[in-house]
Amino acid sequence: MLPQIKRLWTIINDFIVRPIASYKFDKTYNISTSGEIEREFLDAQNKNSLHHATYYQAVPMEYLNILFDLLPDDFTQAHFVDVGCGKGRACFYACQTYQRVTGIDFSPSLITDAQKNLQTFSGAVKGEIKFELRDASLYDLPDEPLLVYLYNPFDEYILRKFLIRNMEHFSKHKSRIAYVNDVCHDLLITCGFTREMKYNARRGISIYSLNW
């Protein structure tokens, strides 16, 4: 009976609780971040990167709540960079705590949506928030301490290119990676990262740092 109850709760959570929480967040802050877009309907200048992308789906609010509860207070001093920001949900959540927030995405239409949301956003912005059209595989992280946020935006191929390109940054600044749905955990470990924290949700919610 227990597995049946668990399965029922999963269905209720996925199709009722989460959509309501997303709707409330968007409604409260006068933005639109919900919905799903399959990969074949995303636009991108780099077709190779598009091939390795996942579909668009904004991070569930419960995952953001869990992640930000995990983060120590001193993390708020870092620049929050969302790699694969989509329409900007995580950035709008973070900008109320972090002094600097940047969202990047390889999709022009998603960045346009994020920038439109920024114009209508009614929440308190603690410092600066911006969105940039950038390809993660070609992106050089800013030269300062960061909290790099990922919600499984692409597969291992792009993540490897991103990590290798920015390995010197992680070594120099000790920046952390906040990874929600960390399906590429093994790659991070292979590249020399250590999982500092993990929350055992249905999807892995973890904090990584370079072990050099």
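When the test is whether a residue is outside any strand (DSSP E or B), surrounded by fewer than 16 Cβ atoms within 10 Å (Cβ to Cβ) and free of Cβ contacts under 8 Å to residues at least 40 places away in the same chain, K161 does not pass it.
Per-residue answers, yes or no, for (1) in contact (Cβ under 8 Å) with a residue 60 or more places away in the chain; (2) farther than 19 Å from I129 by Cα:
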position	(1), (2)
H52	yes, yes
N65	no, yes
T76	no, no
V81	yes, no
G84	yes, no
A90	yes, no
C95	no, no
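Please work out which residue is surrounded by the fewest Cβ atoms within 10 Å (Cβ to Cβ), limiting yourself to the range 40-87 and to residues that are within 15 Å of the chain's Cα centre (by Cα) and among the polar types (S, T, N, Q). Applying the filter and picking the extreme gives N65. Please determine whether any residue of the range 197-207 is under 19 Å from V101 (Cα atoms) and either surrounded by 15 or more Cβ atoms within 10 Å (Cβ to Cβ) or within 15 Å of the chain's Cα centre (by Cα) (or both). Scanning the range 197-207, I find at least one residue that is under 19 Å from V101 (Cα atoms) and either surrounded by 15 or more Cβ atoms within 10 Å (Cβ to Cβ) or within 15 Å of the chain's Cα centre (by Cα) (or both), so the answer is yes. Looking across A114, A178, one residue alone is among the aliphatic types (A, V, I, L, M), modelled with pLDDT of 95 or more, buried (at least 20 other Cβ atoms within 10 Å of the Cβ) and not in a helix (DSSP H, G or I). It is A178.
The residues of the range 116-134 that are free of Cβ contacts under 8 Å to residues at least 40 places away in the same chain, of a type outside the set (K, R) and more than 20 Å from K27 (Cβ to Cβ), listed by number, are G127, E128, E132, L133.
Within the range 1-35, how many residues turn out to be at pLDDT below 80 and within 21 Å of the chain's Cα centre (by Cα)? Step through it out loud before you land on a result.
Pass one, the range 1-35, residues at pLDDT below 80: 1-17.
Still in the list and also within 21 Å of the chain's Cα centre (by Cα): 13-14, 17.
Here the count works out to 3.
The values are calculated or read from the model by the stated rules, or taken from the named source; none is laboratory data. These figures come from a predicted structure and were not determined experimentally. Ideal geometry is used to build each Cβ from the backbone, glycine not excepted, and the neighbour counts take in all protein chains shown.
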